[in-house]
Amino acid sequence: MTKKYEGCAVGIDLGTTYSCVAVWLDEHNRVEIIHNEQGNKTTPSFVAFTDDQRLIGDAAKNQTASNAENTVFDAKRLIGRKFSDSVVKKDMMLWPFKVIGDVNDKPVIVVKYKGQEKHVCAEEISSMILTKMRETAEKFLEFPVKNVVVTVPAYFCDAQRKATIDAGAIAGLNVIRIINEPTAAALAYGLDKRTNYVGERNIFVFDFGGGTFDVSILTIKDKVFQVKATGGNTHLGGEDIDNRMVNYFVDEFKRKNKLDITRNSRSLRRLRTACEKAKRILSFSVVTTIEIDSLFQGIDFFSLITRAKFEEINMDIFNECMETVKSCLTDAKMNKSTVNDVVLVGGSSRIPKVQQLLQEFFNGKELCVSINPDEAVAYGAAVQAALMSEGFKNVPNLVLHDVTPLSLGKSNFGDIMGVMIPRNSCIPIKKTQSFVTFADNQSSVLIEVYEGERTRASDNNLPFPFDLKLLELLKRYGSRVRVGNAKR
């Protein structure tokens with residue numbers, strides 16, 4: 001039985017580029033997306049450090065160009081990762097702030113704060129953003145918020161999920177549930193359309209956000225939301241599209257002026273901001289301009305970019321998204337013709353080429369754009385929070401069955417990954433397998449549970465190593481414990 005938490009719980013979409021907070025209003029029988037002090041319903045996931053203060057959200061992003069080295073963004077791309085990861089090394093080349101590794105191979109961000117060098121980890125940055133979202137909710141509700149449901153990409157590994165919970169703890173929050181972003185979006189869509197449903201309905205959620213990409217297939221029947229399969233990439237999103245545009249214009253500036261701006265963080269930040277704006281304009285216009293006064297060494301920069309060129313430089317990203325869509329359908333053992341609704345979530349899902357490829361793949365099916373792609377995830381998180389909180393009478397009585405995004409198994413002889421629980425298995429799940437010890441009367445056994453899809457076990461994540469104390473088990477349970485003989 002689900003534990004009920006005292007007080008009102010809110011749902012937080014902790015995004016790579018923008019975050020959002022929502023709450024269930026029982027008296028109005030609906031979810032309210034809460035706006036911040038700027039009147040916006042999404043808040044930039046930015047934290048800036050200055051000589052006088054620490055800024056979070058819009059205030060931090062607005063001063064990025066003048067304080068690029070001390071303004072941290074994309075912290076979600078670091079959370080739960082190791083400094084030695086190739087994706088971290090690649091991102092470091094594009095960030096204006098400095099990232100180093102500590103003794104445990106954990107990435108640490110170096111900033112200057114109040115005249116002193118300060119080292120902060122990704123969890124601390126995320127905790128600052130969560131604190132900002134909590135304060136936004138408390139101003140609206142006019143009472144303290146303690147319990148929260150936080151969303152994560154469906155393809156986050158266990159280390160990334162635990163790091164997100166740690167971020168909540170640092171912020172003084174009790175993370176009562178971690179819920180997958182596409183699943184939360186499906187809750188939002190399913191509740192919005194529940195009066196129109198008759199029988200069983202298959203929903204395909206396409207979640208293309210600022211830093212991550214997820215797809216999920218769910219079957220909705222009555223009050224049961226059953227996830228069939230999920231897939232994605234925790235390092236693919238609008239930020240990568242922005243990077244492609246930045247590189248394209250850096251090359252153009254170099255070609256025209258024989259100057260390289262890549263070592264000037266302020267110039268790169270101003271160019272990135274212009275590229276973000278151009279990307280949004282190209283969603284409803286076929287051509288736009290990039291115009292920046294005194295971009296580098298007093299030289300003004302002016303250029304045109306067409307939607308066709310934008311699609312050309314990002315086409316491999318769009319194709320990668322479609323390959324993930326196909327893989328998810330295969331994992332779910334479903335044909336695309338059985339999908340009833342295709343729901344778009346995340347700001348990058350607004351890109352016309354993405355919508356065109358998706359519509360063509362689903363044989364011309366109309367895409368569902370009736371829910372706000374920036375708010376749907378927080379909406380679903382708020383519903384889940386209400387389901388887990390006491391005192392609500394009008395919250396829908398739903399049952400949610402999710403799946404494990406990555407396979408779980410052990411290392412067999414030759415470092416081969418022996419999968420015990422395949423990915424997309426419905427959770428909770430229990431699997432049993434017998435093993436024997438290497439030596440007679442062995443006092444303990446190191447149990448290593450790997451997580452991932454690589455053939456070699458050592459290439460996968462190792463989130464669950466622990467020592468099984470056999471002698472302690474024998475003392476406690478006696479004859480019910482069987483210790484294997486090495487000769488057998």
Once the piece of chain linking I281 and N340 is laid out straight, how much longer is it, given 0.36 nm per residue of separation minus the C-alpha distance between them?
18.2 nm
Dipole of the range 375-463, positive direction: furthest Cα of G452, V399, S389, with charges on the beta-carbon:
V399
Report for the range 296-433 the percent antiparallel among DSSP-assigned beta bridges with both residues inside it, nearest 5.
90
For the range 200-271 and the range 10-68, compute the distance between their C-alpha centroids and round to whole Å.
20
Explain nothing, just the number: dipole magnitude of the chain about its Cα centre with +1 on each Lys and Arg Cβ and -1 on each Asp and Glu Cβ, in debye rounded to the nearest 20.
1100
If you count only protein heavy atoms with a 1.4 Å probe, what accessible area per residue comes out for the range 1-87, rounded to a whole Å²?
43
Where M128, M92 fall by accessible area, highest first, once all protein chains stay in place (1.4 Å)
M92, M128
Computed [θ] at 222 nm, deg cm²/dmol, the chain (DSSP H ≥ 4; -39,500 (n - 2.57); rounded to nearest 500)
-10000 deg cm²/dmol
Rounded to the nearest 10 Å², the 1.4 Å probe accessible area of M315 is 50
Added length on full extension, which subtracts the Cα-Cα distance from 0.36 nm per residue, V224 to E117:
33.4 nm
If the chain between K258 and D52 were fully stretched, how many nm would it gain, using 0.36 nm times the residue separation less the Cα-Cα distance?
70.3 nm
Dipole magnitude of the range 121-206 about its Cα centre, charges +1 at Lys/Arg Cβ and -1 at Asp/Glu Cβ only, in debye to the nearest 20?
240
What's the FRET efficiency of M93 with E135 using the Cβ-Cβ distance as r and R₀ = 41 Å, to the nearest 0.05?
0.75
So how do R269, R134, R244, R280 rank on accessible area, 1.4 Å probe, biggest first, that is with the largest at the start?
R280, R244, R134, R269
Restricting to bridges with both residues inside the chain, how much of the DSSP beta-bridge set is antiparallel, in percent to the nearest 5?
75
Considering every Cα-Cα pair within the chain, what fraction, in whole percent, is farther apart than 30 Å?
52
Solvent-accessible area per residue for the range 131-231 (1.4 angstrom probe, square angstrom)
35
Counting only protein heavy atoms and a 1.4 Å probe, tell me what percentage of the range 95-155's accessible area is made up of carbon and sulfur.
47
May I ask for the distance between the Cα centers of the range 312-350 and the range 131-164, given as a whole number of Å?
27
Percent of accessible area on the range 173-297 owned by carbon and sulfur, 1.4 Å probe?
44
What's the angle, to the nearest 10 degrees (0 to 90), between helix 307-331's Cα axis and the longest principal axis of the chain?
10
Over the range 372-470, give the accessible area per residue in Å² for a 1.4 Å probe, as an integer.
56
Spelling it out for V287: with amide H atoms placed in the peptide plane at 1.01 Å from N, the residues 5 or more places away or on another chain with amide H under 5 Å from its amide H are R307
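The values are calculated or read from the model by the stated rules, or taken from the named source; none is laboratory data. Predicted model, so just to flag it, every value in this text is computed and none were measured. Please note: Cβ atoms are built from the backbone with ideal geometry, for glycine as well, and neighbour counts cover all protein chains shown. Remember, those area values only see protein heavy atoms, side chains included, never the ligands or the DNA or RNA. Shrake-Rupley method; radii C 1.70, N 1.55, O 1.52, S 1.80 Å.
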